[in-house]
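**Student:** Please read through the structure below; I'll follow up with questions.
The values are calculated or read from the model by the stated rules, or taken from the named source; none is laboratory data. All of these numbers come straight from a predicted model, not from anything done at the bench. A quick note on method: Cβ atoms are made from the backbone with ideal geometry, for glycine too, and the neighbour counts reach across all protein chains shown. Each accessible area value is taken on the protein alone, full model and side chains, heavy atoms only, with ligands, DNA and RNA left out. Shrake-Rupley method; radii C 1.70, N 1.55, O 1.52, S 1.80 Å.
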Amino acid sequence: LWITTPEGINPIAPAMLKACESVGIPAYDDLNGELMESEGGAAIANVRIKDGRRVSLAKDYVYPALKRPNMTLLTGAEVLELMMEGTKVVGVKFVKDGEVMEIGATKKVVLSAGAINTPKILMHSGIGDSKELSSHGIKTVVNLPGVGKNFQDHVLLGGCVWEYKEAIPPANNLAEATFFWKSNSALDTPDLQPFQIEVPYGSEVTGQQFKLPPNSWTIAPGLVRPKSRGRVYLASANPKDLMRIDGGHLREQADVDALIRGVELCREIGNSDVMKPYVKREVMPGKMDRKTLTDFVRNSTTTYFHQSGSCKMGRDEMAVVDGKLAVRGVEGLMIADASVMPRVVTSNTMAATVVIGERAADILIG
């Protein structure tokens, strides 16, 4: 896989690494090296950008496989449900070009629809919490109460923002510098991952409240070890209806406390002497008392878009898949996406999800 450190970076990114060092956070040359096995640190984030374009995983995995005679890719096809004979999966029902179609499966079906749509497909197929299914008039085929539960996501605040002294255009992916750190030194692993964003970044609440100037930059506090859990659930028995999502963000007070520490740390870095050449003024949040800062954290909360955990792997009664990614109580069905994570990984979820796919391939070919 093509992975590299970006070129032509905005000078504010390496400045932030030096600012991190000034408050005791060490800087590293590679985000995915020693830093990940230590107490944390700061680095320029690796990217998948080649010749000025982002390289997609489809280009790495899917496109080369399309040359094989046993590989067919259907685009514009939306899966409605699995076809079942008792507790065995025998195919997939989907809609394409407005027409409902079916494809049989003689060996196995692998679901890779993500932490929102994988449980959706399962539930519409009668696989899930029997109480929830019956409330929509869906017949239970396999009672798996964990389907849609244990939903997790990384929280990203929008954010701590400073106005530039002089405008500097953003570079690459607009967010080149980041760090991992602990909100509490007693933790076994970092739980914070703020990202420097080279443009203003606020929530729909704070962006309006503070009237963010376009000529500004952000350090967005991120929480990557959330204790809060949410769920995804059906809106109706109609597969065309979108899922309902209760992210559960900040349900646990510990997550609020961690993000308050994250805001304090980001403000310390952004207001450090190292960053003064890039700061005309601090736009938000500014100095706040504990209650006001708590409100700011709640109003700033957005998502990292790292949805995970809604069909978790395990051995308890809420587990949906086993150690070989097979759906419990269902014959001929595997899941290979971020929904199987019992606990969301600390880092961004893409690499871990690729590994899940690689592991699924190992299992399939023995």
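**Student:** Can we say LEU212 is open to solvent by less than 20 Å² (accessible area, probe 1.4 Å), modelled with pLDDT of 95 or more and not hydroxyl-bearing (Ser, Thr, Tyr)? Let's see the steps before the verdict.
**Tutor:** Details: open to solvent by less than 20 Å² (accessible area, probe 1.4 Å): no; modelled with pLDDT of 95 or more: yes; not hydroxyl-bearing (Ser, Thr, Tyr): yes.
Spelling it out, it is not the case that LEU212 is open to solvent by less than 20 Å² (accessible area, probe 1.4 Å), modelled with pLDDT of 95 or more and not hydroxyl-bearing (Ser, Thr, Tyr).
**Student:** Working only within the range 144-180, note down all residues that are without any contact (Cβ under 8 Å) to a residue 40 or more places away in the chain and of a type outside the set (D, E, K, R). So that I can check it myself, show each step before the final result.
**Tutor:** The initial filter retains those residues of the range 144-180 that are without any contact (Cβ under 8 Å) to a residue 40 or more places away in the chain, namely 166, 174.
Answer for the range 144-180, where residues must be without any contact (Cβ under 8 Å) to a residue 40 or more places away in the chain and of a type outside the set (D, E, K, R): just LEU174.
**Student:** How do the pairs read when you match residues in the range 67-96 that are farther than 17 Å from VAL330 by Cβ with residues anywhere that are acidic (Asp, Glu), using Cβ under 8 Å and keeping only pairs 6 or more apart or on different chains?
**Tutor:** The qualifying pairs are GLY76/ASP97; PHE94/GLU78; PHE94/GLU102; VAL95/GLU78; LYS96/GLU78.
**Student:** Next question, about the same structure. Among the residues of the range 154-181, which ones are part of a loop (DSSP other than H, G, I, E, B), open to solvent by 10 Å² or more (accessible area, probe 1.4 Å), on the phi < 0 side of the Ramachandran plot and not polar (S, T, N, Q)?
**Tutor:** The answer is LYS165, GLU166, ALA167, ILE168, PRO169, PRO170, ALA171, ALA175.
**Student:** Same structure again: What are the residues in the range 26-44 that are assigned to a loop (DSSP other than H, G, I, E, B) and either over 27 Å from ALA186 (Cβ atoms) or among the acidic types (Asp, Glu) (or both), if any? Talk me through it step by step, then tell me what you get.
**Tutor:** The first filter runs over the range 26-44 and keeps only residues assigned to a loop (DSSP other than H, G, I, E, B), leaving 26, 28-33, 38-40.
Scanning the range 26-44 gives ASP29, ASP30, GLU39.
**Student:** Still on this structure, please answer the following. I'm checking my understanding of the structure. Among residues of the range 270-300 that are in contact with a helix residue (DSSP H, G or I) (Cβ under 8 Å, 6 or more places away or on another chain) and assigned to a strand (DSSP E or B), which one is least open to solvent (accessible area, probe 1.4 Å)?
**Tutor:** Top of the filtered list is MET284.
So that you can scan it fast, the table gives a plain yes or no per residue for (1) within 22 Å of GLU37 (Cα to Cα); (2) touching a strand residue (DSSP E or B) at 6+ places or on another chain (Cβ under 7 Å); (3) not in a loop (DSSP other than H, G, I, E, B):
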{"residue": "PRO214", "(1), (2), (3)": "no, no, no"}
{"residue": "ASN238", "(1), (2), (3)": "no, no, no"}
{"residue": "LEU242", "(1), (2), (3)": "no, no, no"}
{"residue": "ILE245", "(1), (2), (3)": "no, yes, yes"}
{"residue": "LEU259", "(1), (2), (3)": "no, yes, yes"}
{"residue": "GLU268", "(1), (2), (3)": "no, no, yes"}
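**Student:** Also, I was wondering about something else. Which ones in the range 216-232 are in contact with a strand residue (DSSP E or B) (Cβ under 8 Å, 6 or more places away or on another chain), part of a loop (DSSP other than H, G, I, E, B) and crowded, with 21+ Cβ neighbours inside 10 Å?
**Tutor:** PRO221, VAL224, PRO226
**Student:** Related question: In the range 131-183, which residue that is more than 19 Å from SER347 (Cβ to Cβ), touching a Phe, Trp or Tyr at 6+ places or on another chain (Cβ under 7 Å) and charged (D, E, K, R) is modelled with the lowest pLDDT?
**Tutor:** Step by step, filter the range 131-183, then rank; the result is LYS165.
Residues checked against (1) modelled with pLDDT of 90 or more; (2) under 22 Å from ILE269 (Cα atoms):
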site: GLU7; (1), (2): no, no
site: PRO11; (1), (2): yes, yes
site: ALA15; (1), (2): yes, yes
site: LYS18; (1), (2): yes, yes
site: GLU21; (1), (2): yes, yes
site: ALA27; (1), (2): yes, yes
site: MET36; (1), (2): no, yes
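**Student:** Between GLY314, GLY329, GLY357, which is at pLDDT 95 or above, surrounded by fewer than 19 Cβ atoms within 10 Å (Cβ to Cβ) and under 20 Å from the mean Cα position of the chain (by Cα)? Even if it seems obvious, please write down each step before you answer.
**Tutor:** On the way: GLY314 fails: under 20 Å from the mean Cα position of the chain (by Cα); GLY329 fails: under 20 Å from the mean Cα position of the chain (by Cα).
Of the residues listed, the single one that is at pLDDT 95 or above, surrounded by fewer than 19 Cβ atoms within 10 Å (Cβ to Cβ) and under 20 Å from the mean Cα position of the chain (by Cα) is GLY357.
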